[in-house]
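Visitor: The structure follows.
The values are calculated or read from the model by the stated rules, or taken from the named source; none is laboratory data. What you see is a predicted model, and the numbers here were worked out from it, not measured in a lab. FYI the Cβ positions are ideal-geometry reconstructions off the backbone, even for glycines, and counts take in every protein chain you see. Accessible surface is based on the protein model in full, side chains and every heavy atom, while ligands, DNA and RNA are left aside. Shrake-Rupley method; radii C 1.70, N 1.55, O 1.52, S 1.80 Å.
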Amino acid sequence: RVPTAVLISGRGSNMVKLVEAARDPAYPAEIALVLSNRALVPGLVYAEEQGIPTAVVESRAFKGDRAGFEAAMDAVLARHGIELVALAGFMRVLTEGFVERWQDRLINIHPSLLPSFRGLDTHARALAAGVRLHGCTVHLVRHGVDEGPILAQAAVPVLPDDDEAALAARVLAEEHRIYPAALAWLAAGRVRVEGDLARVDAPGASASLAN
Ligand code: GAR
């Protein structure tokens, strides 16, 4: 099983789903570390309760020194023998250096159907744009924010009475479904990267995750 770190900044509900999936001994990734850039967040408490190794590298302590922050993270990742990194609500933008060091071994979940709505406040922006479909994307991380080869997406309807919270909850349920699947594909070596595209060699990899 591939030693994997999950990087969080807060609630950590996606991390919980990865941990739950990895309880199955047949799951190809092992969650060997939960790393947060903020102390005392709910996700860290959960991981500690589960007996998963945790670490905090406080981004606040590295104000204006992103390279220093990432060097500290890299040291922790190396100490835990990490081979794959899954960003799960990790709210710091990573430098090109970090992204290149972890090229094709670094994935992210984003709460929109990329390439629509990169960045923050995706649900409010989807409502403001009047889109009828919204969703989430798991992708390999590249230098541009929320850019990189797509591994999995799931779509949900936007309903007439939706507010931000209702839409976010509908999307989050899909995040919890596709993230464990996408991490498994990557850990199992089923992802082939061809330029800007990722090809996934897994049964139903494109169809089964669409609603
Ligand atoms: C999730 O919706 C995730 O997609 C989003 O933050 C939330 C974290 O929730 N990520 C981003 O917006 C990344 N820019 P969680 O901590 O409960 O997994």
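Visitor: Expected output is a single nm value to one decimal: the length gained when fully extending between Val76 and Asp161, i.e. 0.36 nm times separation in residues minus the C-alpha distance. What is it?
Guide: That pair, Val76 and Asp161, stretches by 26.1 nm at full extension.
Visitor: Sticking with this structure for a sec: If you filter the range 1-91 for trypsin sites (Lys or Arg not before Pro), then keep DSSP loop positions with at most 16 other Cβ within 10 Å, what is left?
Guide: Answer by residue number: Arg1, Arg11, Arg23, Lys63.
Visitor: Dipole of the chain (Lys/Arg Cβ +1, Asp/Glu Cβ -1, origin at the Cα centre): which of Ala21, Ile178, Pro160 lies farthest to the positive side?
Guide: Value computed over the given set: Ala21.
Visitor: Could you grab the Rg to Rh ratio for the range 94-211? Cα atoms only, Kirkwood for Rh.
Guide: My calculation of the ratio gives 0.98.
Visitor: Okay, next question. For the chain, find the longest principal axis of its Cα atoms and tell me its angle to the long axis of helix 66-79, 0 to 90°, nearest 10.
Guide: Taking the Cα atoms of the chain, the angle to 66-79 is about 70 degrees.
Visitor: What's the FRET efficiency of Arg101 with Arg60 using the Cβ-Cβ distance as r and R₀ = 22 Å, to the nearest 0.05?
Guide: So the FRET efficiency works out to roughly 0.45.
Visitor: Under unit Cβ charges (Lys, Arg +1; Asp, Glu -1), what dipole magnitude, rounded to 20 debye, does the range 100-211 have relative to its Cα centre?
Guide: Magnitude of the dipole: close to 340 debye.
Visitor: A further question on this structure: Given the options His123, Val34, Pro149, identify the residue whose Cα lies farthest towards the positive end of the charge dipole of the chain (+1 on Cβ of Lys, Arg; -1 on Cβ of Asp, Glu).
Guide: Val34
Visitor: Taking the Cα centre of the chain as origin and charging only Cβ (+1 Lys, Arg; -1 Asp, Glu), how large is the dipole, in debye to the nearest 20?
Guide: That gives the chain a dipole magnitude of about 140 debye.
Visitor: Right, next: Ignoring ligands, DNA and RNA, what percent of the accessible area of the range 88-211 is carbon or sulfur (1.4 Å)?
Guide: With neighbouring chains kept in place, the figure for the range 88-211 is 53 percent.
Visitor: For the chain, what is the accessible area per residue in Å² when the probe is 1.4 Å?
Guide: Result: 48 Å² of accessible area for each residue.
Visitor: Count charges around Glu194 for me, please; just the other residues with Cβ under 13 Å from its Cβ, Lys/Arg as +1, Asp/Glu as -1.
Guide: Taking every Cβ under 13 Å from that of Glu194, the sum is -1.
Visitor: Taking the Cα atoms only, what angle lies between the long axis of helix 164-187 and the longest principal axis of the chain, rounded to 10 degrees?
Guide: For helix 164-187, the angle is close to 50 degrees.
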